[in-house]
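No value in this document is a laboratory result; all are computed from the given coordinates. Just so you know, these numbers come straight off a predicted model, no measurement behind them. Using ideal geometry, Cβ is built from the backbone for each residue, glycine included, and neighbour counts are taken over all protein chains shown.
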Amino acid sequence: MAIVKPFRALRPEASKASHIAALPYDVMDTKEARYEIEKEPLSFLRIDRPETSFEDGHDMYAPEVYEKAKEILEEMIRNGDFILDDRQYYYIYELTMEGRSQTGIVAVCSVDDYVHGVIKKHENTLARKEQDRIDHITALSAQTGPIFLSYRRNDEIEAEVIKAKAEEAVYDFTSDDGIRHRVWIIKDPGSADRIKDAFSAIDSIYIADGHHRCASACKVCLKKREEGNAKGGDGNEFDYFLSVLFPDSELKIMDYNRVVRDLNGLSESRFFDRLRKTFDITACGKDITRPAHKGQISMYLSGVWYLLDIKDDYKSDDAVDGLDVSILQREVLSPVLGIEDPRTDERIRFVGGIRGLEALRELVDSGMYDIAFAMYPTSIEELFNVADEGRLMPPKSTWFEPKLRSGLFIHMF
């Protein structure tokens, strides 16, 4: 039984929404964030990446950096850049990319549902990244980045979304990357009740993206409970975390690819001999070649593209072991190329599918890397299956597009 509640959003004044909305803090570095802020002074990156207000080299995790985020948010509220809604609402958030739309419910979800496994994860988190968002949430007394959640499509929820989208949107703008963003407010109490009841009948919700933000929000809540800040009754705002929930039928997972710096001391001839144990190999020439189905990996080496078809003996029905990314790690990256821990090995780099296979070719042709592997995208059902078993995917198994914008909705507590 999932608890998915409406909330009072702190959100941009309508004329400023397109200026404030920003890509998530963790898809760029400080230099890139500074560049975005120079282009758009109202960018929410000022709050999400507050180290940009300090000189180069300043400790981005210092207490004064998080206090700066709070200062900027309070200033923007005073200036009327943000408004606080008069009561609790569900919101509808639609993103359209290259003609494909996905529409989610913006709400707050229960920390207890995360703790008890109703909200399921498929990735591990890193302590340093968690602590960064813990300090950010604590300083602001707010969650600023929505967690990207998914659920199996539900007819009742879909009907309410369609009804809400027949009204005029409160935000409608296209960001610099060509993504159209539209937002509606569900003001009909009956619709809100039906959405709440429909979610309460759903037994599993899945984190698609935002594992660190989710874990951090939950740890802030649990700490406040330990400190005796819980008020009882209907709970506290910090008992819930900011989310956007999308039906699985509308989501698209892109490939998440790999480039490796060298062949681990092997000659190309010896390298291919090792590959033939696990794969049938087809040379495809110089034209970019994309894997066509699960069980097939594309490889670029010395100016030539190859297709690697996984032999039946190495396929698996296991939720984790059967993933193409697992097979690549288990049969190639670890035993052949010597990359035991892809999270920490500096010889490997992960390249999101949004950059295209051209990016892989350029990285190899530049001489920075010797070899690239292009993956067939992990499916949403594979993600669900792994999470349902309480297990974890290998690092960098999924890349979701389009990215949710930060700054459109803030959950205060």
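Points to keep in mind about this one:
- The ellipsoid equivalent to the alpha-carbon distribution of segment 317-381 has semi-axes of 22, 17, 9 angstrom, derived from the gyration tensor eigenvalues as √(5λ) and listed largest first.
- Using alpha-carbon coordinates, inclination of helix 30-39 to the longest axis of the chain, degrees: 50 degrees
- The Kirkwood radius of the chain, taken over pairs of alpha-carbon atoms, gives through the Stokes-Einstein law at 37 °C and 0.692 mPa s a diffusion coefficient of 144 µm² s⁻¹.
- Each Cα pair under 8 Å and six or more residues apart adds its sequence gap; the mean of these over the residue count of segment 4-252 is a relative contact order of 28 percent.
- Taken over segment 143-205, the convex hull of the Cα atoms encloses 135 Å³ per residue.
- Column: log10 I(q)/I(0), Debye, Cα scatterers of segment 96-170, q = 0.15, 0.17, 0.18 Å⁻¹: -0.81, -0.97, -1.04
- Per-selection Rg to Rh, segment 256-376 - Cα, Kirkwood hydrodynamic radius: 0.92
- For the listed peptides 380-389, 344-353, 30-39, 261-270, a ranking on the average number of other beta carbons within 10 Å per residue, highest first, reads 380-389, 344-353, 30-39, 261-270.
- Highest mobility in the GNM of the chain, judged by mean-square fluctuation with C-alpha springs under 10 Å and restricted to 172, 313, 255, is found for 313.
- The average projected area of segment 78-212, computed from the convex hull of its Cα atoms over all directions, is 10.4 nm².
- Once the gyration tensor of the Cα atoms in segment 162-301 is diagonalised, the equivalent ellipsoid follows with semi-axes of 46, 25, 15 Å, ordered largest first.
- By other beta-carbon atoms within 10 Å, ranking 391, 100 with the fewest at the front produces 100, 391.
- Relative to the longest principal axis of the Cα atoms of the chain, helix 127-140 runs at roughly 20 degrees.
- Building the convex hull from the alpha-carbon atoms of segment 258-311 and averaging its projection over directions returns 3.9 nm².
- Its Kirkwood hydrodynamic radius, worked out from the mean inverse distance over all distinct Cα pairs, puts segment 200-262 at 15.1 Å.
- Remark: 272, 44 ranked as 272, 44, counting other beta-carbon atoms within 10 Å and listing the fewest first.
- C-alpha long axis of helix 63-78 to longest principal axis of the chain, angle in °: 50 degrees
- Sorted by Cβ density within 10 Å, fewest first, the residues 109, 214: 109, 214
- The amide H of residue 119, built 1.01 Å from its N in the peptide plane, has 114, 205 as neighbours under 5 Å, considering only residues 5 or more places off or on other chains.
- Geometric extent, Cα atoms of segment 1-75 - Rg, Dmax (angstrom): 14.2, 48
- Over segment 1-151, the hull volume per residue, using the convex hull of the C-alpha atoms, is 149 Å³.
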